[in-house]
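I have placed the structure first, in the form of structure tokens, so that the comments after it can refer back to it.
The values are calculated or read from the model by the stated rules, or taken from the named source; none is laboratory data. Remember, predicted model here, so these are calculated numbers, not experimental data. Note that we place each Cβ from the backbone using ideal geometry, even for glycine, and neighbour counts take in every protein chain shown. SASA here: full protein model, heavy atoms, side chains in, ligands and nucleic acids out. Shrake-Rupley method; radii C 1.70, N 1.55, O 1.52, S 1.80 Å.
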Amino acid sequence: MEPIRVHSGLVYPLNRSNVDTDQIIPKQFLKRIERQGFGQFLFYNWRFDEEGEKRDSFTMNDEKYNDASILIAGDNFGCGSSREHAPWAILDYGFKVIIAPSFADIFYNNCVKNGILPVKLTEDETQAIIKKAEQQKLHLTVDLEKQLVVDEDEFNFSFDISDYHKQMLLNGWDEIAVTLTNEEKITAYEERQQIIG
Amino acid sequence: MTQPKTIIEKIWENHIVHQEPGKPDLLYIDLHLIHEVTSPQAFEGLRMKGRKVRRPELTFATMDHNVPTKQRHIIKDEVSKKQMHTLKENCEEFGVPLADIDHPDQGIVHVIGPELGLTQPGKTIVCGDSHTSTHGAFGALAFGIGTSEVEHVLSTQTLGQAAPKTLEVKVNGKLGTGVTAKDLILAIIAKHGVRFGTGYVIEYTGEAVRNLSMEERMTVCNMSIEAGARAGLISPDDTTIEYLRGRRHVPDGEAFDEAADKWRALATDEGASYDATVEIDANEVEPQVTWGTNPSMCIPVSSNVPDPASQEKDYEQDAVQRALDYMGLKANQPIDSVKIDYVFIGSCTNSRLSDLKKAADVIQGRKVDDKVTALVVPGSRTVKEQAEAEGLDVIFKTAGFEWREAGCSMCLAMNDDIVPPGERCASTSNRNFEGRQGNGARTHLVSPEMAAAAALEGHFVDVRKITNTTVNR
Ligand code: SF4
């Protein structure tokens, strides 16, 4: 997993609440057995029509957002299924940061484990950024160390993240390796509970 | 005297392997369920790092999401076939028990865990599937995890988790005749929204919950995730213990009595407190139908589809309007005027024997409307066999239902069971998201009884208006 410290990039605003993982990556693409290559299917049913042609009505298809690396959306982002294919698709498409007023629990964890920074801002802050990004090309800088989201002139918002998640993202930890340093404790627990091997 | 505790705190404390300030607790996992869709990348991760499965005997795999339900062995989709084959190879390589497509125990992972007695009170249970909350019905702490976490559990049999907040959902009073556990959980989500449970583990309490059967409790706990809660559980009681008696993986004889005493002691103590409580009156719950594209967009069958104009904020108005457009509905339209094309009775929410019996009661001696395609997909091969032993298959087939093999099927339409674009389905599953049952498909969530009634009439109807529904089987 790649560490993330400070990220600057173009914003793509998706002004919808309760964006569920079925929308982020529809089930017909969950049959693959790899982790890579899911970006092409991101928001597939919103981006493409039944013939596989791009839908002009979906703003993500607008060329001006081509290089976007920060996704901002309404509350309860990533609700629904536990599929980690959702963050895999988001990352593979090129997003490194997601901003929303709230995230679904499983999705939030899945992001952190894949080196995507989920940023919780207030409803008002989120709406302000969305409105601006809809009107102009908006670049933001997200500083994980300082826990700040800033743009050139107007925005300077702070956000909360647990220290553990912050360290994981800053260091790009392999969590399994970290847990395995507690191997003796796991064995001791199994002995205590008589979980027989 | 010790501080009174909730069952959630008790299970948590019993499973702490390691604790360190500023870090999530490391919890031991008693049961890890696996299916073909969310596991391949986890096994691949193990292989790449040369890691093993720490406790294959605490791990159990099945195939459910992709499996065909018409003819077991005709899998047209090569990618699906490969995914199932990969699971088989992974289980062989890492020594994990598997109920594959030919195994008599095969079924939806959340149906077979309880059926086999793998699911037990006090256990920590995880699965790479958000409806793992189902197992909470037994007083287990059960929650869905992502594939990275699947890999973590395979390798270490533990999971790092921040202690959750506790939320009591107290259901007072009694459910009326013809009003089901499904209506109850839909009404709770309609009232409190799709994220009131985020960050919490729910415990369902109260008279109406105590009166539910185990299978009804599973329906309720199953949909905890649709309220945002990763886990939802119910303290074990006599209902729980009687359901477990005699199941394959449950101890028997004296060992069972000992286990039962331990299970009883897990129940939330008198006077324990929760971080939050919401209450609902069961007497007021009516049969429910969802009208929109998330499970909180739900109304009693007697009412009308909402009007975007009645929403406060502009983005809320947009959300309602977008849902109406997707669903092909008009503001203020009575929901019971809405005609349907498909009926799906199945999924980990409502595909157990009692669900099928209740639906069969409604349709017995009647015919499915000729414009409706209706199918029943039992949750497991065991459910299918039991239902056939009771002649339910004949009742369904005579009425015009298709009777299928066990699997997830039209709940998420990963196999060939797909609702076509623009068509409308009354479904006993748990998610009415856009495209869930097929690209452009329109899903309305209902109870098995309401789905059966809709199949007969060709549109939604209050099942209580159809005679015979009170016949007890
Ligand atoms: S039946 Fe539906 S919700 Fe349940 S496990 Fe299968 S796909 Fe998921």
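Please work out, to two decimal places, the log10 of the ratio I(q)/I(0) at q = 0.06 Å⁻¹ from a Debye calculation in which every Cα of the protein assembly as shown carries one identical scatterer.
Debye output, listed in q order: -0.31.
Which of the residue pairs A:Lys146/B:Lys23; A:Lys27/B:Lys23; A:Lys185/B:Lys10; B:Lys23/B:Lys262; B:Lys5/B:Lys191 have a Cα-Cα distance greater than 22 Å in the structure shown?
Violating the 22 Å limit, Cα to Cα: A:Lys27/B:Lys23; B:Lys23/B:Lys262; B:Lys5/B:Lys191.
Just to be sure I understand: if I project the alpha-carbon convex hull of the range B:289-472 onto a plane and average over all orientations, what area do I get in nm²?
Hull-based average projected area comes out at 9.7 nm².
Which whole-number value in Å² is the accessible area per residue of chain B, probe 1.4 Å?
Value returned for chain B: 35 Å² of accessible area per residue.
Counting only other chains, and only Cβ atoms inside 10 Å, what mean value do you get across the residues of A:137-145?
0
Using 0.36 nm per residue of separation minus the Cα-Cα distance, give me the extension gain between B:Phe256 and B:Tyr326 in nm, one decimal.
20.0 nm
To the nearest 100 Å², how much accessible surface do chains A and B hide from each other in total, with a 1.4 Å probe?
Answer for the A-B pair: about 5000 Å² buried.
Bins of 10 Å, beginning at zero and ending with the bin holding the largest distance: percent of Cα pairs per bin for the range B:7-277, please.
Calculated over all Cα pairs of the range B:7-277, the distribution is 7, 29, 34, 23, 7, 0 percent.
How much of the DSSP beta bridge set in the protein assembly as shown is antiparallel, as a percent to the nearest 5?
30
What is the log10 of I(q)/I(0) for the range B:120-240, computed with the Debye formula using one identical point scatterer on each Cα and no solvent, at q = 0.10, 0.11 Å⁻¹?
Debye curve over Cα of the range B:120-240, log10 I(q)/I(0) at q = 0.10, 0.11 Å⁻¹: -0.29, -0.35.
In chain B, what is the volume of the convex hull around the alpha carbon atoms, normalised per residue and reported in Å³?
So the per-residue hull volume is 154 Å³.
Cα centroid distance between the range B:331-389 and the range A:90-109, in Å?
Cα centroid to Cα centroid, the span is 37 Å.
GNM, chain A, Cα, under 10 Å: largest mean-square fluctuation among A:Thr122, A:Thr181, A:Thr141?
A:Thr181
I need the calculated FRET efficiency for the pair B:Ala163 and A:Asp67, taking r as the beta carbon distance and R₀ as 41 Å, to the nearest 0.05.
0.50
Where the only charges are on Cβ atoms (+1 Lys, Arg; -1 Asp, Glu), what is the dipole of chain A about its Cα centre, to the nearest 20 debye?
Dipole of chain A, to the nearest 20 debye: 280 debye.
Once the piece of chain linking B:Ser213 and B:Asp318 is laid out straight, how much longer is it, given 0.36 nm per residue of separation minus the C-alpha distance between them?
Full extension from B:Ser213 to B:Asp318 adds 33.8 nm.
Sort B:297-306, A:62-71, B:199-208 for me by packing, meaning the mean count of neighbouring Cβ atoms within 10 Å per residue, highest on top.
Top of the packing list down: B:199-208, B:297-306, A:62-71.
Mind checking the mean number of beta-carbon atoms from other chains within 10 Å of the Cβ atoms in B:40-46?
3
What is the distance in Å between the Cα centroid of the range B:160-218 and that of the range B:396-448?
That distance is 24 Å.
Whenever you get a sec, compute what percent of the accessible area on the protein assembly as shown sits on carbon and sulfur atoms (1.4 Å probe).
The C+S portion of the solvent-accessible surface of the protein assembly as shown is 46 percent.
Please determine, in degrees from 0 to 90 and to the nearest 10, the orientation of helix A:123-135 with respect to the longest principal axis defined by the Cα atoms of chain A, where the helix direction is its Cα long axis.
Taking Cα atoms only, the helix is inclined about 50 degrees.
In Å, the Kirkwood hydrodynamic radius of the range A:6-196 over pairs of distinct alpha carbons?
Here the Kirkwood hydrodynamic radius works out to 17.8 Å.
Give the calculated FRET efficiency between A:Gln194 and B:Lys174 to the nearest 0.05, with a Förster radius of 51 Å applied to their Cβ-Cβ distance.
According to the calculation, E is roughly 0.75.
Suppose every K and R has +1 on its Cβ and every D and E has -1 on its Cβ; what is the size of the dipole of the protein assembly as shown about the Cα centre, in Debye to the nearest 20?
920
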